[in-house]
Structure formats: structure tokens, C-alpha cells
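I have placed the structure first, in the form of C-alpha cells, so that the comments after it can refer back to it.
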């Protein structure tokens, strides 16, 4: 089931971004076989939907087993530093000789070329060099890392999945596979395209936390409530801003103009004072009936119980774990519910991949 039903993917075990991209492929119906190492990485929710085969890729027999899978696969995903797969005997040249239609996807932090290609790095480093970290934070404070959501998962795993899908689509026309060079620094830079548009239009000050979308505007920020929780406000457009003022009982108060930065400190102070007078639950009820772009800030453990998320089944049970459900949704080829990873033998996979 799923739009990728019949697509065979080999995933060489790695951390975070690669598993996330392969999780998306598995969620959409691809048959993803995770090739794990003899000293396996800790199991994680990102491994859902896979069959897991253990091979020692540093041994000739392990490499031979992998290449036997390559001959029958559509996609191979690896996340080693440049040159490692070649040294181990399963680089792109070897694999494409075995299977000219193979999509060989390589996910790294810095890419396959460039002065940093063989260096280590993490999400925060890729964001920093891409110009994506500098804008994140409050005025006068250090840049603040947004977990590892941007470079690892959006700029890495998601970019990888898009690349694989594009290469598979192109193969339908050409019949030929190719190598994908997915770099988290490239993906992180790509995510800043809109920001570069603001800069080009003169709508970004260059400072941190003083602009429309970085918490500088009082109508695009978070506010503490009486019970120590928070509400998120995104009332950018005038119609939504009017609803925000009405919900806060500020509609009749003489306030500075919405888009006059000189008056933003006054607006922020009044919004903060109002939100602090009631609990998060109270404000959620107030804005449930108002189209003001105001929502409660839920913790990861609270989000699954939200009525909207519940109705859409945005979270789903996979084995013992409640976790985010596959996305997006499909009208004609909905994927099967995800399942926990399951061990398999090389022979079992090869028999199924005839």
C-alpha cells in the first residue's frame, strides 16, 4: 500500500537525518531494508517500517551480501563521509555497474566536495555556515539552536527524500540511475530563500529578534499566561490583528498602529499584561471562536491530545510508542499504518526481491 508501493530501498544504518528520510519513504509504502551493523545503533522511532538485516560491511562477506541486494534495489541511501563507501567496496561506481538503474543517495553534512567535505559537523554547524542560525534568537542574545530540526531533518532528511523521489521520477523517462549529493548545509541554505527575499526587498534589518517573523513584532510572538504556560500569536494580517485585539478586550483602547515599530514596545507590554491575567486554557477557549491566528503552545506530550490533532490522527500508535503519523495524506493510495522495525535475514529479503 502507499504511493511508493513496490519501490525497494536499501538504507545503510546512520543517525537522525538519513533515518528520517528513509522513514518518510517507508511511511509512503516503499520496502525499506535497513542494513544494520553488528554493533547496532540504539533503536529509535525513526526506524519504523523497516526490515532490519545485520551485515558487517567491513568484511568481504558483508560487502558481498550488500551488493547482492544492490542488484535488486531501486535506491541505496548512505550517510558516510565522502570516500568511505568507496574504500569499503560499495561506492557509486561499483553499485551502478551492478545495477545501472540504481538511485544512489548520499547524505552528508558538508557534501561530497568542498574544503569541509571530510570534516565532522552537527546541525548547529551546518546552520551556522548556511546563514540560517544567525537570525534565530532575541535581541542582544546569542543565536539559539532550534533543536536539530532545521539542518538534520528539514535540510537533511527531507531534502534526501525529495531528491530520491525526483531521481526515481526521472528514471521513468531515462531508464538510468544516478548519484544524489544531499548536503545538510545546502538544505539549510535552501530553507533561507524566503529570508533572502526579505533582505533583497529591504524588509530585514539584519539584527536578531527585531523583525516581523523572528519575534520582533509583538503580534508574532509568544506570551506567558497566568499558569506559567504560553500562547502563540501570529496575527500578521490586519483582519487577524483586529480579532486579536478583540479577543484581548483591547479593541477600544488607543494603541499604536500595528506596523509602526516605534509603537511595538507599547503593544508588547499591553499584550503581555493581558495574557498574564488568564490561564492558557482560558485563552484557548477565547480564541477557539476567533480567526486570530492565536494558539496554545503545547508540549510534545500534550500535542497528541489536542482535538484537532486527534480528529486528524496526526499522531499514531506504532507498537508501544505514540508518535507522529505519516504525512502527507493520499486520497487513492493511502499508506498502511507504520509498524515497528522487524529483524530479517539476507536470504529472506533476497527471496522477496526476485
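Numbers for the structure displayed
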item: Cα gyration tensor shape of region 4-123, rounded if a/c is under 1.5, else prolate or oblate by comparing a/b with b/c; result: rounded
item: Ordering of 109-121, 41-53 by burial proxy (mean other Cβ atoms within 10 Å per residue, highest first); result: 41-53, 109-121
item: Alpha-carbon centroids, region 61-128 and region 133-191: separation in whole Å; result: 16
item: Likely footprinting exposure, 231, 23, 184, fewest C-beta neighbours within 10 Å first; result: 231, 23, 184
item: Ranked by how many other beta carbons lie within 10 Å on average, peptides 171-179, 13-21 from highest; result: 13-21, 171-179
item: Beta bridge orientation in region 83-233: antiparallel %, DSSP, nearest 5; result: 40
item: Relative contact order (%) - the chain, alpha-carbon pairs under 8 angstrom, separation at least six; result: 19
item: Pair residue 242, residue 56: separation of 7 Å Cα→Cβ label points (nm); result: 7.3
item: Cα→Cβ-extended label distance, 7 Å offset, between residue 250 and residue 87, nm; result: 5.9
item: Ranked list, fewest to most other Cβ atoms within 10 Å of each Cβ, for 170, 11, 141; result: 141, 170, 11
item: Relative packing of 156-165, 89-98, which averages over residues the other C-beta atoms within 10 Å, highest first; result: 156-165, 89-98
item: Beta bridges per DSSP with both ends in the chain, % antiparallel, nearest 5; result: 35
item: Extension reserve of the residue 37-residue 67 stretch, reckoned as 0.36 nm per residue once the Cα distance is removed; result: 9.3 nm
item: Relative contact order (%) - region 117-172, alpha-carbon pairs under 8 angstrom, separation at least six; result: 29
item: In degrees, nearest ten, helix 264-275 long axis to first principal axis of the chain (Cα); result: 90
item: CD proxy at 222 nm, helix term only [per DSSP H run n ≥ 4: -39500 (n - 2.57); per residue of the chain; nearest 500]; result: -9500 deg cm²/dmol
item: Acute angle (nearest 10 degrees) that the helix 17-27 long axis makes with the longest principal axis of the chain, alpha-carbon atoms; result: 80
item: Chain lengthening between residue 282 and residue 113 when straightened (0.36 nm per residue, less Cα-Cα); result: 55.4 nm
item: Mean Cα-pair separation over length for region 200-354, i.e. relative contact order, pairs under 8 Å, 6 or more apart, %; result: 20
item: Relative exposure of 345, 68, 331, judged by other C-beta atoms within 10 Å (fewest first); result: 331, 345, 68
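Quick note: the coordinates plus some simple rules give every number you see, no bench work behind them. Model, not experiment: these values are computed from the prediction. Note: ideal-geometry Cβ built from the backbone for every residue, glycine included; neighbour counts use all protein chains shown.
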